[in-house]
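FYI, it's all coordinate maths here, none of it is from the lab. Note that the structure is a prediction, hence the values are computed from the model and not measured. As a convention, Cβ positions derive from the backbone with ideal geometry for all residues, glycine included, and neighbour counts pool all protein chains shown.
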């Protein structure tokens, strides 16, 4: 019996037991579909992060607070140092070779109310130059000016997601919002601009921020959010370089200058480039993608076990058939090839159906806001994962079909013919 005959017999056996064959393939369909869909979500997340970082430009660096030394060998957690100031940002601009501009920002979560809607959002106090450094694009209105910052004008620029939450379907420019400063204290701000949406689900996306003049943030945010009332500590300093090729030299110059200004032996801040952030984000996303794929892969193993179980049942039911085939001259390898081909056919058909399910699910999820988790998720179907799914389904068919095929081939003709 050649391979063509084995395949024909396998198809006939599957057609004769449609319900059993369908239930047997179901595990493979779900497993392959889950692997493709979840890997697509993971790779879409990686692409979203890469696009977000690339959208900021290739010549940015970020300075964030480091850890504090609490004495006795105790080290505070990352971000506990409160020594970065707006004066540090001013000192970096034009002092460190390669640095074009350095802008400080003060971030704090706050209660926001407007148009009868209450929500929580992050307030980001920034200078007027922040928009040009971060290459912001305005969908409506304009970013506040340096005069607005100098005079502490009570104005705000909204990210796209926050604007949609507060003013669904309406134009926020010209409207007024209230920012909670404490239990019973509010600050009223006039909306002067709306940023273009950049997408992404990260809490650090500009879509999820409300930008106000940094002078407002310094004066009006609660002291526990901004440090000592007599100082002006900031949450982050963003540095714009002349070109990306100067990252190494600029990083060293920034570290030297700030260490000298803070009069410390070791830095109490962290200097990161976009490449550093991208590498860290990709590492996390890759780990998550592998984890999601591994979890989905468990269902493939379960499906393979189901195939083995059904094939063993099939061998038992067709014992007399096996005996007849052997009695008329079928060899061990013919019987083994027949049942192995049947197992591989089941897994291959299940794998093809799983590919359709996985790709379809990924396309359906793309651009959807699932369970209100934030902005629309992004999926990227990897044809490498599709090819791997096909290969894995075939390997599972061979691996889990080998024992039933061997058992069928090992039956003695006389005992098989006498089986009831």
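Structure notes:
- Order by protection proxy (mean Cβ within 10 Å, highest first), peptides 167-174, 188-195: 188-195, 167-174
- Stretch gain in nm, segment residue 139-residue 295, where the contour uses 0.36 nm per residue and the Cα spacing is subtracted: 52.0 nm
- Estimated inter-spin distance, residue 152 and residue 334, nm [label 7 Å along Cα→Cβ]: 9.6 nm
- Cβ crowding within 10 Å ranks 138, 25 as 138, 25, fewest other Cβ atoms first.
- The distance from the alpha carbon centre of the stretch 94-126 to that of the stretch 325-347 is 70 Å, rounded to a whole number.
- Between residue 100 and residue 20, full extension at 0.36 nm per residue minus the direct alpha carbon distance yields a gain of 21.8 nm.
- Virtual spin-label span in nm between residue 383 and residue 178, 7 Å along Cα→Cβ: 5.7 nm
- Peptides 261-273, 121-133, 11-23 ordered by average Cβ neighbours within 10 Å, highest first: 121-133, 261-273, 11-23
- Backbone N atoms of the stretch 131-174 closer than 20 Å to the 7 Å Cα→Cβ label point of residue 87 belong to residues 150.
- Over the stretch 82-267, relative contact order from alpha-carbon pairs under 8 Å, at least 6 apart, %: 32 percent
- A full extension of the chain between residue 266 and residue 317 corresponds to an added length of 10.7 nm, given 0.36 nm per residue minus the alpha carbon distance.
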